[in-house]
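Before any comments, here is the structure.
No lab work stands behind these numbers, since they all come straight from the coordinates. If you're wondering where the values come from, they're calculated on a predicted model, not measured in any experiment. In this analysis, Cβ positions are derived from the backbone assuming ideal geometry, glycine residues included, and neighbour counts consider all displayed protein chains.
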Amino acid sequence: MSLTIVQKYGGTSVGDTTKIKNVANRIKSYYEAGKNVAVVVSAMGHTTDELVSLADQITDNPPKREMDMLLSTGEQVSVALLAMALESIGVPAVSFTGSQIKMMTDGNHSNAKIDSIDRTRIDKAFESKRVAIIAGFQGIDKEENITTLGRGGSDTTAVAIAAALGADECEIYTDVNGVYTTDPNKVPGAKMHKQITYEEMLELASLGAGVLHSRSVEMAMNYGVTIHVRSSFHREPGTLVVSEDKIMEKMKVSGVTVKSDQARITIPNVKDQPGIAAKLFSALSAKDVIVDVIVQSSPHDGINTISFTTAKKDVITAKPILEDIKKDMTSGEIEIDDSIAILSAVGVGMKSHVGVAAKMFQSLADAGINILMISTSEIKISCVIPQSKAQDGLKAIHSAFGLDQI
Ligand code: ADP
Ligand code: ASP
Ligand code: MG
């Protein structure tokens with residue numbers, strides 16, 4: 001039986017027709033080695049951003065269904081061009097949209113979750129010795145509306161296909177050599193990992209390391225798919241994302257991230273009584289507002305303050321909810337600060353080492369950076385800081401943890 005390989009090429013890897021031809025040549029070498037090749041492709045270059053900006057020119061608040069209809073077109077262009085490029089060099093190929101492979105999702109437009117995939121058409125492509133080229137980022141719901149999986153979601157399409165086909169490895173081709181200790185485009189001293197655990201990669205991706213879509217890592221972990229993040233510009237191996245038991249040396253801190261697309265909402269003068277937090281956060285979650293760091297001050301004279309962070313784009317949804325429950329919660333004015341950033345350090349070794357948080361706080365203090373909020377888990381520490389200090393803070397903690405020297 002032929003070995004099945006799944007490859008995903010991101011927007012920069014298919015940014016123009018020359019790059020698409022290069023990608024086709026790379027695929028050809030795997031095809032000629034006798035492999036069944038399934039390829040997931042993103043939209044070319046900045047196409048998705050350009051489509052978003054077209055919608056912005058029409059309205060501030062486009063219907064989510066129509067937005068997905070619009071954004072999914074980017075991937076349809078690149079799958080067709082890649083299939084043509086392969087055919088032109090003698091490699092039989094067939095392209096598929098999400099609906100053609102029954103990539104079934106829930107109906108949550110712009111952030112849909114995959115329920116199931118029908119592999120029949122992909123198997124037929126393999127039987128007829130064709131490369132299957134699949135549009136990333138898109139699916140359909142039960143009513144056959146086109147959905148999208150969230151920005152960067154083609155990674156998740158690729159891992160889902162790898163899981164459905166039982167492929168051992170899913171190669172994610174991108175514009176950097178692998179997963180680094182932090183974004184190498186922000187901190188030039190960042191170092192590449194040969195391997196990283198699912199757990200760490202999941203935290204890093206959720207905390208702003210845009211190199212992988214966080215749901216792709218979650219899915220790879222659940223289905224035991226090894227992810228290989230590597231460059232589409234040369235043949236060197238990149239970073240393997242694997243389970244913890246495959247890694248001998250556990251790093252105290254393996255990566256640092258910064259997320260600047262966040263806002264902090266503060267509700268002062270909150271009555272200290274049962275049910276208040278439940279009411280607030282249930283109302284937000286009912287409208288799919290994702291809340292990240294939450295801090296509640298200790299009560300003073302029966303009054304406390306609740307602060308939380310959420311994505312800037314969700315503030316527009318959160319505002320009417322807050323207005324609605326304001327009178328039951330507080331006599332004060334709700335503050336929204338969108339000039340914050342969340343700085344985080346992640347590492348599985350934190351489970352067994354002390355002093356990691358102290359080191360992070362000290363390095364921020366030395367850089368003169370004020371910490372606005374703190375949150376921790378077993379393998380991460382996050383500090384909310386002023387956005388104007390994001391870049392300085394990232395560099396400070398990256399070197400404090402010795403990550404430029406690994
Ligand atoms: P693609 O279009 O291939 O999906 P993305 O732009 O989504 O590419 O992801 C690659 C980018 O992720 C890199 O160019 C880099 O700037 C960014 N990045 C952020 N954090 C990291 C990290 N820890 N390691 C590697 N790249 C990172
Ligand atoms: N084209 C989509 C985006 O730009 C999906 C992806 O690239 O993964 O977000
Ligand atoms: Mg990406």
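In percent, rounded to a whole number, the relative contact order of the chain is 13, using alpha-carbon pairs under 8 Å and six or more apart.
Show me the ranking of peptides 284-295, 138-149 by mean Cβ neighbours inside 10 Å, starting with the highest.
Ranking, from highest mean packing down: 138-149, 284-295.
Computed from Cα positions, the angle between helix 276-286 and the longest principal axis of the chain comes to roughly 20 degrees. For the range 348-365, putting each phi into the Karplus relation 6.51 cos²θ - 1.76 cosθ + 1.60 with θ = phi - 60° gives couplings of 5, x, 4, 4, 10, 10, 9, x, 5, 4, 4, 5, 5, 4, 5, 5, 5, 4 Hz, in residue order, rounded to whole numbers and with x for Gly and Pro. With 0.36 nm allotted per residue and the present C-alpha distance subtracted, the Ser88-Ser375 stretch has 98.0 nm of extension available. Rounded to whole numbers, the Karplus 3J(HN,Hα) couplings from phi for the range 163-176 are 5, 5, 8, x, 6, 6, 9, 10, 8, 10, 8, 9, 9, 10 Hz, using 6.51 cos²θ - 1.76 cosθ + 1.60 with θ = phi - 60°, and x at Gly and Pro.
Taking the fewest neighbouring Cβ atoms within 10 Å as the starting point, the ordered list for Ser339, Ser99 is Ser339, Ser99. Normalised by the residues of the range 1-40, what does the relative contact order come to in percent, with Cα pairs under 8 Å and at least six apart? Over the range 1-40, the number comes to 66 percent.
Counting neighbouring beta carbons within 10 Å and listing from fewest to most, the residues Glu236, Glu200 come out as Glu236, Glu200. A cut-off under 12 angstrom between Cβ atoms defines the neighbours of Ser382, and their net charge, with Lys, Arg +1 and Asp, Glu -1, is 0. Residues Leu70, Leu3, Leu207, arranged from fewest to most other Cβ atoms within 10 angstrom of their Cβ, appear as Leu3, Leu70, Leu207. Straight Cα distances below 27 angstrom link Lys327 to the lysines Lys271, Lys279, Lys287, Lys312, Lys313, Lys319, with same-chain residues fewer than 8 positions distant left out.
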